[in-house]
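Engineer: This structure is in structure tokens; I'll ask about it shortly.
The values are calculated or read from the model by the stated rules, or taken from the named source; none is laboratory data. These numbers were taken from a predicted model, which means no experiment stands behind them. Here the Cβ positions follow ideal geometry from the backbone for every residue, glycine too, while neighbour counts run over all protein chains shown.
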Amino acid sequence: MKSNYKKLGQFIRVVEIRNKEDRKDNLLGVSTRKVFINSVANTVGTDYKKYKIVKKKQFTYVPDTSRRGDKMGIAMLENYEQALVSQAYTVFEVTDAEKLNPEYLMMWFRRPEFDRYARFKSHGSVREIFDWEEMCDIELPVVSIEKQCEIVREYNVVNDRISLNEQLIQKLEDTTQTIYKQWFVDFEFPISKKYAELIGKPELEGKPYQSSGGDMEFSEELERDIPIKWKPDTLESVLNVKHGFAFKGEYFTKQDCGNVLLTPGNIKIGGGVKLNKMRFYDGDLPKDYAFNVGDIMVTMTDLSKVSDTLGYPARIPAIKGYKLLHNQRLGKIEFKNDFVFKEFIYQLLCSTEYRNEIVGGATGTTVKHTSPTKIMNFKFARCFNPSIYKKFCQVIKPIEDHKESLSVEKIELKKILSILLTKISNLV
């Protein structure tokens, strides 16, 4: 053991405080992402007095590791003064924050090496348990409290920047969907001079269409009013959805070889790419099954109970040094004819109307599926004048470009976090 490595047991103790006041607020669970989450437990008829209380800067972990793959469920409470957790969880605290900074300890728990250690040390026949004795037997570098605080500050600066990026990205996504809805659902697009002349109403130039008296007509196919001279159409008339390739499992690797094997898990709820978990492929690459920057992919399989990501799109970002592979159960959007309005199609694939149809028509029980045919059969109101799509894309593209730059920056920042976590192990 290195000179500054010490057993964790001398710095922590179990906390056993029951909910005697019968409070029912802030009932939380613990995620393998090392954060607290809202509990999904059925609380009908539950005796809340049996729940444990966890307070700010205290830790909670799930001793049962057998059902969580290679991840350990552990978190430090930060966003509440106190909360409730299951009686099956273990709550503990640092006994002296002047010797061991709780945030520094949480950084140690976030390391993938800790997850591997906890799984290796877990034992049991029916369920594998990482018990309290094993937790106390962990060895970690306990350097000076000043050095611990310095490392925590470095980590928090980067982590806060990631959180800010995520907030900005969400605002940009909300903005683009709001504009899409305004133009193509509420039909309040600003009327151009050319469009006003085409419909014989030059006085409407620059005004929102429907609320300014733009003529509407009922579409039986879409079961709603749409602007006059627009027509119902299917996505099949403007695009094709190409299936991905079944890459051979024997060449899957966690080693960074530059070839990222994308999966449905790389698409966010609401649309967009996420690369916090990357699987690599070290075999020969088939022709035409690598994405280009700016391509749009859609997910056609979803493991969640409510089809969180089914049918959602993601635009392929430019990430230096990486090639993103077109894996099976991901569709690639290929445009037909002259209808190459990527920003419009992307927002349509994020829309509520599209999602309702895709999720409503999904097959499967545990795993939900859609297909290229179902996606291409989606009907939308198509404008006879392509200048509207061109103008919409001009408005949306700068927002999307900014969102993409923030997403790429977030990926790089997460790499820095990983380096900082690794840095702890090298302290001597």
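Engineer: Any chance you could count how many residues in region 173-197 are aliphatic (A, V, I, L, M) and either loosely packed, with under 14 Cβ neighbours inside 10 Å or closer than 12 Å to GLN347 by Cα (or both)?
Structural biologist: In the first step, residues of region 173-197 are kept if they are aliphatic (A, V, I, L, M); the result is 179, 185, 191, 196.
With either loosely packed, with under 14 Cβ neighbours inside 10 Å or closer than 12 Å to GLN347 by Cα (or both) added as a condition, the list becomes 179, 185.
Looking only at that region, the number is 2.
Engineer: Hey, does region 43-53 have a residue that's surrounded by 13 or more Cβ atoms within 10 Å (Cβ to Cβ), β-branched (Val, Ile, Thr), assigned by TED's automatic domain parsing to the domain that holds ARG110 and not in a loop (DSSP other than H, G, I, E, B)? Even if it seems obvious, please write down each step before you answer.
Structural biologist: The first filter runs over region 43-53 and keeps only residues surrounded by 13 or more Cβ atoms within 10 Å (Cβ to Cβ), leaving 48, 51-53.
Pick out the ones that are also β-branched (Val, Ile, Thr) and you get 53.
Going one step further and asking which of them are assigned by TED's automatic domain parsing to the domain that holds ARG110, we end up with 53.
Okay, now just the ones that are also not in a loop (DSSP other than H, G, I, E, B), so 53.
Yes, some residue in region 43-53 is surrounded by 13 or more Cβ atoms within 10 Å (Cβ to Cβ), β-branched (Val, Ile, Thr), assigned by TED's automatic domain parsing to the domain that holds ARG110 and not in a loop (DSSP other than H, G, I, E, B).
Engineer: Could you say whether any residue in region 306-321 is more than 24 Å from GLU173 (Cα to Cα) and in contact (Cβ under 8 Å) with a residue 12 or more places away in the chain?
Structural biologist: Among the residues of region 306-321, at least one is more than 24 Å from GLU173 (Cα to Cα) and in contact (Cβ under 8 Å) with a residue 12 or more places away in the chain, which makes the answer yes.
Engineer: For residues that are closer than 17 Å to MET76 by Cβ and either among the polar types (S, T, N, Q) or more than 31 Å from the chain's Cα centre (by Cα) (or both), tally how many sit in region 146-178.
Structural biologist: Of the residues in region 146-178, the ones closer than 17 Å to MET76 by Cβ are 148-149, 151-153, 155-156, 159-160, 163.
Those left that are additionally either among the polar types (S, T, N, Q) or more than 31 Å from the chain's Cα centre (by Cα) (or both): 148, 156, 159, 163.
Selection size over region 146-178: 4.
Engineer: Is it the case, given these coordinates, that LYS423 is in contact (Cβ under 8 Å) with a residue 60 or more places away in the chain, within 27 Å of the chain's Cα centre (by Cα) and within 21 Å of VAL157 (Cα to Cα)?
Structural biologist: Details: in contact (Cβ under 8 Å) with a residue 60 or more places away in the chain: yes; within 27 Å of the chain's Cα centre (by Cα): yes; within 21 Å of VAL157 (Cα to Cα): yes.
Yes, satisfied.
Engineer: So, of the residues in region 312-341 that are basic (Lys, Arg) and modelled with pLDDT under 95, which turns out to be surrounded by the most Cβ atoms within 10 Å (Cβ to Cβ)? If you could, list the steps in order and put the result at the bottom.
Structural biologist: So the first thing to find is which residues in region 312-341 are basic (Lys, Arg), and the list is 315, 320, 323, 329, 332, 336.
Of the ones still in play, those that are also modelled with pLDDT under 95 are 315, 320, 323, 329, 336.
Values: ARG315: 22, LYS320: 6, LYS323: 14, ARG329: 17, LYS336: 12.
My answer is ARG315.
Engineer: Suppose we filter SER211, SER219 for residues that are under 30 Å from PHE344 (Cβ atoms), surrounded by fewer than 17 Cβ atoms within 10 Å (Cβ to Cβ) and touching a residue at least 60 places away in the same chain (Cβ under 8 Å); which single one remains? So that I can check it myself, show each step before the final result.
Structural biologist: Values: SER211 fails: touching a residue at least 60 places away in the same chain (Cβ under 8 Å).
Only one candidate passes the filter, namely SER219.
Engineer: What tally of residues in region 238-258 results from selecting those that are modelled with pLDDT of 95 or more and of a type in the set (S, T, N, Q)?
Structural biologist: Qualifying residue count, region 238-258: 1.
Engineer: Here's a follow-up. Being surrounded by 17 or more Cβ atoms within 10 Å (Cβ to Cβ) and over 25 Å from the mean Cα position of the chain (by Cα) is the filter; apply it to region 97-116 and report the residue that is farthest from MET76 (Cα to Cα).
Structural biologist: So the residue we want is LEU100.
Engineer: Of all residues in region 124-172, how many are in contact with a Phe, Trp or Tyr (Cβ under 6 Å, 6 or more places away or on another chain) and either of a type outside the set (D, E, K, R) or surrounded by 15 or more Cβ atoms within 10 Å (Cβ to Cβ) (or both)? Lay out the reasoning, then the answer.
Structural biologist: Of all residues in region 124-172, those in contact with a Phe, Trp or Tyr (Cβ under 6 Å, 6 or more places away or on another chain) come to 139-141, 148, 152.
Subset that is either of a type outside the set (D, E, K, R) or surrounded by 15 or more Cβ atoms within 10 Å (Cβ to Cβ) (or both): 140-141, 148, 152.
Of the residues in region 124-172, 4 are in contact with a Phe, Trp or Tyr (Cβ under 6 Å, 6 or more places away or on another chain) and either of a type outside the set (D, E, K, R) or surrounded by 15 or more Cβ atoms within 10 Å (Cβ to Cβ) (or both).
Engineer: Moving on to the next point. Within the group LYS374, LYS390, LYS403, which residue is assigned to a helix (DSSP H, G or I), closer than 22 Å to MET278 by Cβ, in the same structural domain as SER307 (by TED's automatic domain parsing) and out of contact with any Asp or Glu (no Cβ under 6 Å at 6 or more places or on another chain)? Can you show your working first?
Structural biologist: Numbers: LYS374 fails: closer than 22 Å to MET278 by Cβ; LYS390 fails: closer than 22 Å to MET278 by Cβ.
None of the others qualify; the one that does is LYS403.
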